[in-house]
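Working notes, beginning with the structure itself.
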């Protein structure tokens, strides 16, 4: 008997330490617990008394038992787990590691996620309140997407020179999902897909989950993807799709000229290879005019356009869309079978924000913030990093691509920085060939400039210098 | 020149008819349009005058051009497209057809989607308003899910006898996504997966998109899945997973006894085959006590629990979750790579609703509504359908499984009913073997009872009698 109530006490303690029952909360009644654990009421009471003794519960007359977390007199143990030697991490594990690290409040220079200060928080709050007031509209099922949302998107895309009707549009859980639906619509597992190199890790992950093989096409920092390289790949391999970020690609930040977009669209159309265009950074050009999507030059429906508001309005809304062109039937099937529809509430909120003109006003400021933030970071990198370091000059978006001198290891810098609570994205994540960008790093600039960021860049410079020194 | 402005006018007219620009809305300015279409301002003005002549635009001094839809004097053409002969439709096309039909306001007896009258609309509106007021909390990124939501789910699941911590929980876009993530976590394309037969079409669609092969295990209307049949399948085939609805399976409505759940869990554990449990109807038992999830009897983490609020709180929130047990790492990878995270706003709203106790209060009423609605529909079917018709007696949920006498074709009834604006789910959707349930229909009972529904059941009875007559 003593074993049993101790065992129950241990289980309850675990639930409390896991946060299932929080400090100050009332535990479920003893009868309910006795049923849940399949033991008698008196065993539950003994378990409660044990936990009271351990300092985890407090009995209150007539009210039951309340959780009380023991007060700690000692400081918490330090978080850092030091690693003496670099450990080989697959890009697959690294992606999740990075994501969870940033949630753990490290200096967020890795993921390309905008800081809250750059987001239209107040406006989206207003639009969400408006949407929430619409009761049933927010609860019903929206396949292929809420019509108010699709209509706004159709208007915007028409404004960019892509004449699409609301029926051509499919609402998705962000652009990542749109790209995966597009890939599933036009490929079979094992097929070969062409991508830029260096490539946005999300695209490589998408190819991974769909079970595709990749061919990486060299990409120039200013001119963008090598059309000659792509032509060669099309001739040599049975390429089944090409995924591209034509406007301000991640990580290089390059923007294809209109002439090159036309050539790209025509080349792929002639080869019978669908182009999957990810235009997620298109609205974040730093100056001049909004670059045109490659989709604008598509006369046959061969371009599948994908985008989202994750880099502009907010990542937490998980709201993107796709225009699948002539692959519409298959794309709709893939969406419906994958998760039926995209949540209605965020669609209504964003439709409202767009309709009120708030998005364009917001973008005017955001473009300037991102231009300034990126330039500031470039200057800081220039000051702190070792001689011979190369840095991209993006014309849009908010990431920098940094190439260390010689064969200095970006992965080494990543690991050392991680131990100091600084999160950067190592170059090896941007290719399926592990060593291709081993001497590179990507930095996220979408943070308000402050001492913490400044110090982090300074420290990164020192770690990079150390990585260079380790070479000799 | 005349050709060009007519061409532009045609394009604008299409945009207006597609609803991109709506009745009463102002068109973008002529300069902007001239840039978008790449033609001169005077060509745009000529196009506008043409559209004004056609009755689609109205010029207002100093304000620009406004859309004005021509008033129709004639009645709209009838919608129905009559089909003389039954057409073979693949289950794949049928699913989307059904979904879009219901959106087109047919009598909604096909999809298992609850009517708005059965949903806690006001409460979710309050909870959504509460969530929307939290500004940034709703905008940031929630991998593996908002902690407030995961904590509430952990509490509920602990209450059901599954001791899980918030860290064991992954928020998903509904249960369908959870099942797909589970399948991807434990199988490779081409693998064999065991399912109940008849099977919920969403599960068959999930297997389809993941590229799996299916083995259907006979399922008894009262006892549930045949454990002997499953054992045989495990011995004969390299089964890699088993997907089950242990509580109030769709379409049969059966609930496995606890003894059979224990036997099922142990059998699969011994065979090294993960059990993917879909518990989406568990909260909707009609009487007695909440049936326990099979997950309750899982001692090794071999059961992957999937559920959602789509059948209770609302389908439009697209909010579900999974407890991946010992397959957590792979499930997290699949989620992160598929669409990174689930939208934050619905998670916060539902967490609030759960925390306030509103969900349990709502469920008490909902269970009674669904029991009454299902029973009422059973009686109506009994009155209207031909002699020899069999009907399921579900103990939970809100669907009925109807078996027509002899080999009368359910697909035929589906097609005839569709022409009359009545939507039902034909039996062929519930198996990969086209003819296995050809003489069956599934009816959704989650509608408030009214004359329209009553008449629809009456008509279905007549159509079924007709289908029986066609046999002889």
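Is there any pair linking a residue in region B:430-449 that is in the same structural domain as residue B:405 (by TED's automatic domain parsing) to one that is exposed (fewer than 15 other Cβ atoms within 10 Å of the Cβ) and outside any loop (DSSP other than H, G, I, E, B), with Cβ under 6 Å and at least six apart or on different chains, and which?
Going by the 6 Å Cβ cut-off, the qualifying pairs are B:448/B:117.
Go through the residues of region B:104-115 one by one and say whether even a single one is facing chain A (nearest Cβ under 9 Å), in contact (Cβ under 8 Å) with a residue 12 or more places away in the chain and within 27 Å of residue B:203 (Cα to Cα).
So far as region B:104-115 goes, yes, one or more of its residues are facing chain A (nearest Cβ under 9 Å), in contact (Cβ under 8 Å) with a residue 12 or more places away in the chain and within 27 Å of residue B:203 (Cα to Cα).
When residues of region B:140-149 are filtered for being at the interface with another protein chain (Cβ under 7 Å from one of its Cβ atoms) and touching a helix residue (DSSP H, G or I) at 6+ places or on another chain (Cβ under 6 Å), how many remain?
Qualifying residue count, region B:140-149: 2.
Assuming residue A:447 fulfils every condition listed in (1) at pLDDT below 95; (2) more than 22 Å from residue A:371 (Cβ to Cβ) apart from one, which condition is it?
(2)
Which residues, taken from region B:150-165, are within 7 Å of another protein chain (Cβ to nearest Cβ) and either in a helix (DSSP H, G or I) or touching a residue at least 12 places away in the same chain (Cβ under 8 Å) (or both)?
B:151, B:154, B:155, B:158, B:159, B:161
For region B:49-149, list the helices (runs of 4 or more DSSP H) that sit wholly inside it and hold at least 2 residues that are at pLDDT 80 or above and under 22 Å from the mean Cα position of the chain (by Cα); which are they?
Hits in region B:49-149: B:121-132.
Mind checking which residues of region A:303-339 are in a loop (DSSP other than H, G, I, E, B), touching a residue at least 40 places away in the same chain (Cβ under 8 Å) and either in contact with a helix residue (DSSP H, G or I) (Cβ under 6 Å, 6 or more places away or on another chain) or more than 7 Å from every other protein chain (Cβ to nearest Cβ) (or both)?
Matches in region A:303-339: A:309, A:310, A:311, A:312, A:313, A:314, A:317, A:318, A:319, A:324.
Tell me, yes or no, whether region A:360-371 has at least one residue that is without any contact (Cβ under 8 Å) to a residue 60 or more places away in the chain, more than 13 Å from chain B (Cβ to nearest Cβ) and either surrounded by 24 or more Cβ atoms within 10 Å (Cβ to Cβ) or within 18 Å of residue A:171 (Cα to Cα) (or both).
Checking region A:360-371: not a single residue is without any contact (Cβ under 8 Å) to a residue 60 or more places away in the chain, more than 13 Å from chain B (Cβ to nearest Cβ) and either surrounded by 24 or more Cβ atoms within 10 Å (Cβ to Cβ) or within 18 Å of residue A:171 (Cα to Cα) (or both).
Among the residues of region B:384-411, how many are assigned to a helix (DSSP H, G or I) and either under 19 Å from residue B:455 (Cα atoms) or modelled with pLDDT under 90 (or both)?
Here the count works out to 2.
Quick check on my filter: what residues within region B:2-24 are at the interface with chain A (Cβ under 10 Å from one of its Cβ atoms) and either surrounded by 14 or more Cβ atoms within 10 Å (Cβ to Cβ) or touching a helix residue (DSSP H, G or I) at 6+ places or on another chain (Cβ under 8 Å) (or both)?
Matches in region B:2-24: B:11, B:12, B:15, B:18, B:19, B:20, B:21, B:22.
The values are calculated or read from the model by the stated rules, or taken from the named source; none is laboratory data. Quantities reported herein were computed from a predicted structural model and do not represent experimental measurements. Glycine gets a Cβ as well: all are built from the backbone with ideal geometry, and neighbour counts include every protein chain shown.
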